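Visitor: The structure under discussion is supplied below as structure tokens; questions concerning it will follow.
The values are calculated or read from the model by the stated rules, or taken from the named source; none is laboratory data. Keep in mind that what you see is a predicted model, and the values were worked out from it rather than measured. As a convention, Cβ positions derive from the backbone with ideal geometry for all residues, glycine included, and neighbour counts pool all protein chains shown. Please note that ligands, DNA and RNA were not included when accessible areas were found on the heavy atoms of the full protein model with its side chains. Shrake-Rupley method; radii C 1.70, N 1.55, O 1.52, S 1.80 Å.
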Amino acid sequence: MPPIDSEDQELLDGFLAETTELLGKLDEDLITLEKASDDTELMNRIFRSIHTIKGVSSFLGFDLLVKVTHKTEDVLNRLRKGELAVNPEIMDVILEATSLVKLLVSDIKAGTIQEREIDGTINKLIPYLLDNSGVTRQAATAAAPTPNSAPAPAPTHAPIPAPAPAPKPASDLVPKKVPAPPKPVEGKGGDDLSDNSTVRVDVKRLDDLMNQVGELVLERNRMIQINQDLQQNDVQRPDFNEEFGKLTKRVGLVTSELQMQVFKMRMIPVEKVFKKFPRIVRSMARDLGKEVELQIIGEETELDRSVVDEIGDPLIHLIRNAMDHGLETPDVRLAAGKPRGGTLILSAVHEGNQIIISIKDDGNGINTDQVGRKAIEKGLITEDQFAGMSQREIFDLLFLPGFSTKDKATDLSGRGVGMDVVKTNIKKLSGLIEIKSTKGLGSEFILRLPLTLAIIQSLLVEVEGEIYSIPLSSVLEALRVDQRQFHQISGQEVLKLRDFVLPLIRLQKFFNVLPRGEIDNLCFVVVVGAAEKRMGLVVTRLVGQQEVAIKSLGNYLAHIPGIAGSTVLGDGRVALIIDPVALSEVCE
Amino acid sequence: MQNALVPVKSENTHGGFIQLVSFNLDQEEYGVDVLKVCEIIRMPDVTRVPNAPHYVEGVINLRGKVVPIICMRKKFGLIATENDKQTRIMVMNMGEELMGFIVDAVSEVIRISSSEIQPAPAMVAGGVAHECIAGVINQAERLLVLLTLEKMFSHDEKNLFNGM
């Protein structure tokens, strides 16, 4: 195996970018192929992808990659010619081979080429190349346990002296499943492929951007001119007012367009995350013995890269939950009078400056009794508390760390970390989670996320003379209330808001702002939501809504409780941005 | 103390000379390495940061950058005074970030030979944080305390910041 030659770096970068793209598409295509095996166009596309990868990697001298892709290509070729029929077993092997390819590619990307065990996978492909197309599983499994039949080349250039012998994907098909160490490694290799360090930008968008910048330069020149005229007293006062007013408007216009352009460039379709789910769903469905159809809606919805990077994990957990807890096995479904196969709908849609992602299944819904009993068992709540809980409050129990309705942890779920991960990640993005569930009919998890994390819409509020900014994405409503309507429940001030009892936080007390004398009974309550929680922030006055750019407070002040960052207001002053999530935690 | 001097010598010496910005704080004169000072500004509007340590005056907007401001008098346990016409903020480069320090007045940039730097006396009065004193310069007319402000925040304090 030749070490990667840095002179070919450019070539290599091109190869990696192309391969990553092809592999991403490949997974999706393969899953589709399993359902529509007679789609020749699709078949050809898959074949071409593998063929391209093989060609380029042989040119660059990645031998292992060539070996794997070559055999895969051969099998695909037979499928294409109709010599073999698509069946789940073949697909398993091909998917395994693509996983291996991903792993090898991520090795190359990391710059540390390792000797990987590839013969196991190749041996599983070989039976499908023999003339007797009847050869199936038995042959494959028989071939698999002899992975070392072909002597692996001596590790001449292995930088890491392979601590654990590289994952043996072979174990996947061996009847008795080894509790999967290979799997996570493979999965990781695959994830690493999603490279976010470079961006591809549409040339048109770049041109537009250049135009905007040009405009901005013109406006700046105009501004310099006006300033000069003013210095030399060339302009009459009314004249100047008008000129300056016009200039301000134009600069405002250009700036907001520029902002939009740059914003758009940072946007990528959510498809980037969604496209790995069909495969996950397929393999889980097979493992669990369930029949599931995954429908993806709105994968072209765009959102900021920073958000896209963060939502992958929570979505996987939610999908796992839906597959494992929500959807039933075919027998149970038939008995309940539902179609054999379950449906899982993953959808993304824009709403204002938020994106709403929903994961909906038509399984048996959340069993509130079971959830409640578990919570009592674990000592999280008492019987009495449970009796008085609303459905919503019971759903909230799901997010407690360590909570699981399963008695035994399995590979898939039951350790009680999943929903906690979901909550933490969504909070980090200052998003909201909502659960809807009807017993017997299915559940829906709705995530509301901001489109971007760099510039946000915010509500400016005044607390006894100090201005604070609250991210509008977490603001649900704002009300003007007489303080005499507040109630006290064991020292905690609350407000009865319709049918909901809202805990209140007085920002003036929390931030130690000195009161400014006159006491006014009327104040404003800003109702904010953080993940699944709701609370009211008591402020003196609402100032207005403004789009603000988030600025960090630096390392020294990064951990001030309840403060997420800062922003610069129109008058040049700094305003602090409130972090409702942290506030709710501090006040607990 | 000897150790603290080494970096100053090695990175800012021209034939054994170093340049210092000198400033006043409660009638004493202090000096910091000129290369660490980004700019010196008058007091702008400072936004208070709630629940921060008491010596954090707040944050300011320095041409679009948000910079934390430390009150040196409070940090060093001196009596706080009203800001006057002489009050300045020294914006310093602290590792990767900028930080502003409020001082009574900034006087001049002086050039001294590094051999003039003496280790600080074991007992330093006035409550000035001991760990950031790199040495003293004893010239005929003046006594100047040389500070390394990076050392102003002890590890414990940094953790306190981070742990809050």
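Visitor: Pairs needed: first member in segment B:36-51, more than 8 Å from chain A (Cβ to nearest Cβ) and open to solvent by less than 70 Å² (accessible area, probe 1.4 Å); second member anywhere, in a loop (DSSP other than H, G, I, E, B) and among the aromatic types (Phe, Trp, Tyr); C-beta distance under 9 Å; at least 6 residues apart or different chains.
Guide: none
Visitor: Restricting attention to segment A:235-255, does a residue exist that is in a helix (DSSP H, G or I) and closer than 25 Å to A:LEU344 by Cα? Break it down into steps so the answer makes sense when it comes.
Guide: Here is the first cut: in segment A:235-255, the residues in a helix (DSSP H, G or I) are A:237-255.
If we keep only those that are closer than 25 Å to A:LEU344 by Cα too, we end up with none.
No, because not a single residue in segment A:235-255 is in a helix (DSSP H, G or I) and closer than 25 Å to A:LEU344 by Cα.
Visitor: Go through segment A:496-546 residue by residue and tally those that are at negative phi, modelled with pLDDT under 85 and among the small types (Gly, Ala, Ser).
Guide: 2
Visitor: Please tell me if A:ILE563 is open to solvent by 50 Å² or more (accessible area, probe 1.4 Å), β-branched (Val, Ile, Thr) and within 14 Å of chain B (Cβ to nearest Cβ).
Guide: Working: open to solvent by 50 Å² or more (accessible area, probe 1.4 Å): no; β-branched (Val, Ile, Thr): yes; within 14 Å of chain B (Cβ to nearest Cβ): yes.
Here the answer is no, as A:ILE563 does not meet what is asked.
Visitor: Quick one: what pairs do we get from segment A:106-131, first residue in a loop (DSSP other than H, G, I, E, B), second of a type in the set (D, E, K, R), C-beta under 9 Å, 6+ apart or different chains?
Guide: If the second residue must be of a type in the set (D, E, K, R), the pairs left are A:ILE113/A:ASP107; A:GLN114/A:ASP107; A:ARG116/A:ASP107; A:GLU117/A:LYS168; A:ILE118/A:LYS67; A:ASP131/A:GLU83.
Visitor: Let me ask something else. If only one of A:ILE366, A:ILE319 is over 25 Å from A:ARG200 (Cβ atoms), open to solvent by 20 Å² or more (accessible area, probe 1.4 Å) and within 24 Å of the chain's Cα centre (by Cα), which one is it? Write out each step before concluding.
Guide: Numbers: A:ILE319 fails: open to solvent by 20 Å² or more (accessible area, probe 1.4 Å).
Of the residues listed, the single one that is over 25 Å from A:ARG200 (Cβ atoms), open to solvent by 20 Å² or more (accessible area, probe 1.4 Å) and within 24 Å of the chain's Cα centre (by Cα) is A:ILE366.
Visitor: Identify all residues within segment B:89-110 that are open to solvent by 50 Å² or more (accessible area, probe 1.4 Å) and outside any loop (DSSP other than H, G, I, E, B); write none if there are none. Explain how you work it out, then say what you get.
Guide: First pass over segment B:89-110, keeping only residues open to solvent by 50 Å² or more (accessible area, probe 1.4 Å): B:93, B:95-96, B:107-109.
Result: B:ASN93, B:SER107, B:GLU108, B:VAL109.
Visitor: Among the residues of segment B:79-103, how many are farther than 20 Å from B:ARG48 by Cα and either away from every other protein chain (no Cβ under 14 Å) or in contact with a Cys (Cβ under 7 Å, 6 or more places away or on another chain) (or both)?
Guide: Of segment B:79-103, the ones farther than 20 Å from B:ARG48 by Cα are B:85-86, B:93-96.
Right, trim to either away from every other protein chain (no Cβ under 14 Å) or in contact with a Cys (Cβ under 7 Å, 6 or more places away or on another chain) (or both) and you get B:85-86, B:93.
Of the residues in segment B:79-103, 3 are farther than 20 Å from B:ARG48 by Cα and either away from every other protein chain (no Cβ under 14 Å) or in contact with a Cys (Cβ under 7 Å, 6 or more places away or on another chain) (or both).
Visitor: Right, A:VAL538: surrounded by 22 or more Cβ atoms within 10 Å (Cβ to Cβ), under 21 Å from A:ILE433 (Cβ atoms) and either at the interface with chain B (Cβ under 10 Å from one of its Cβ atoms) or touching a Leu at 6+ places or on another chain (Cβ under 6 Å) (or both) or not? First the steps, then the outcome.
Guide: Numbers: surrounded by 22 or more Cβ atoms within 10 Å (Cβ to Cβ): yes; under 21 Å from A:ILE433 (Cβ atoms): no; either at the interface with chain B (Cβ under 10 Å from one of its Cβ atoms) or touching a Leu at 6+ places or on another chain (Cβ under 6 Å) (or both): yes.
In short, no.
Visitor: Is one or more of the residues making up segment A:341-360 in a loop (DSSP other than H, G, I, E, B) and modelled with pLDDT of 80 or more?
Guide: Looking only at segment A:341-360, we keep the residues that are in a loop (DSSP other than H, G, I, E, B), and these are A:341, A:352-353.
The next check asks that each one be modelled with pLDDT of 80 or more; those that pass are A:341.
Yes, that holds for at least one residue.
Visitor: Do the conditions hold for A:PHE511, that is, is it farther than 30 Å from A:MET260 by Cβ and within 14 Å of chain B (Cβ to nearest Cβ)?
Guide: Numbers: farther than 30 Å from A:MET260 by Cβ: yes; within 14 Å of chain B (Cβ to nearest Cβ): yes.
Answer is yes for this residue.
Visitor: Which residue out of A:ASP331, A:ASP324, A:ASP313 is open to solvent by 10 Å² or more (accessible area, probe 1.4 Å), modelled with pLDDT of 85 or more and in a helix (DSSP H, G or I)?
Guide: Values: A:ASP324 fails: modelled with pLDDT of 85 or more; A:ASP313 fails: modelled with pLDDT of 85 or more.
Answer to the selection: A:ASP331.
Visitor: Spot the failing condition for A:LEU557; the list is (1) facing chain B (nearest Cβ under 7 Å); (2) farther than 16 Å from A:GLU466 by Cα; (3) open to solvent by 70 Å² or more (accessible area, probe 1.4 Å), and only one is missed.
Guide: So A:LEU557 meets the others, but not (3).
Visitor: Do we find a residue being part of a helix (DSSP H, G or I), open to solvent by less than 40 Å² (accessible area, probe 1.4 Å) and modelled with pLDDT of 80 or more anywhere in segment A:189-210?
Guide: Checked segment A:189-210: at least one residue is part of a helix (DSSP H, G or I), open to solvent by less than 40 Å² (accessible area, probe 1.4 Å) and modelled with pLDDT of 80 or more.
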